[in-house]
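The values are calculated or read from the model by the stated rules, or taken from the named source; none is laboratory data. Predicted, not measured: the structure shown is a model, and the values here were computed from it. For neighbour counting, all protein chains shown are included, and Cβ atoms are generated from backbone atoms with ideal geometry for every residue, glycine included.
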Amino acid sequence: MTGPTRRDVAVAGHQGDVVTATAGLASDDGNIRATALGALERLGQLADEQLVEAFSDDDPRVRRRAAELAATHRSVDLVPLLADPDVNVVEMAAWTTGEHESNRPAVLERLLELAQNAEEPLVREASVAALGAIGDPAAVDVIIAACSDKPAVRRRAVLALAPFDGPAVEAAIEQALEDRDWQVRQAAEDLRRAQARPN
């Protein structure tokens, strides 16, 4: 294999070596390409265009790393990765959309769809969390419905109710306080305590 090794690229990210870090993007090894993205981000040299290019990489590890790093690149459009064929990429992209806190219609519509219909519970959980972080009222009913999903999704959904109020929200929290899963009950108790604190 020609070009820098994964170690070379990782070290470059700590030593200010932009040339070696950038060279890693052209490696035929997906692990090295993913490491190069992280090295460039550490150096403050990762361009939005490089991230967007990585979104179409043939290695899902690279796409997932790009989705993760996009958290600090708020102008990057994550909608393509929310439709990625790899569930791990979609999960990370959903988490990152929550970091962006954008309620752009294309983002919101896709997250609502994933929160309700994604086969993989991790994707539903990440989507519900993102919807809570975004706080758009259009998500309330979907988040409340997720309070009846699998335990991990229920826990996340209860916490995602934090930005919202109203009778349906209160009823969902009350129900969560009696949930059979102790972590769901704990999440509801934590939310109640947070609501009781003076602003």
Here are some residues: Glu120, Glu125, Glu101. Which one is of a type in the set (Asp, Glu), in contact with a Lys or Arg (Cβ under 8 Å, 6 or more places away or on another chain) and closer than 30 Å to Arg185 by Cβ?
-> Glu125
Can you tell me how many residues in the stretch 69-92 are farther than 11 Å from Phe55 by Cβ and charged (D, E, K, R)?
-> 3
Report yes if Asp17 is surrounded by fewer than 22 Cβ atoms within 10 Å (Cβ to Cβ) and either at pLDDT below 95 or in contact with a helix residue (DSSP H, G or I) (Cβ under 7 Å, 6 or more places away or on another chain) (or both), otherwise no.
-> no
Take Ala39 and decide whether it is crowded, with 16+ Cβ neighbours inside 10 Å and closer than 27 Å to Val123 by Cβ.
-> no
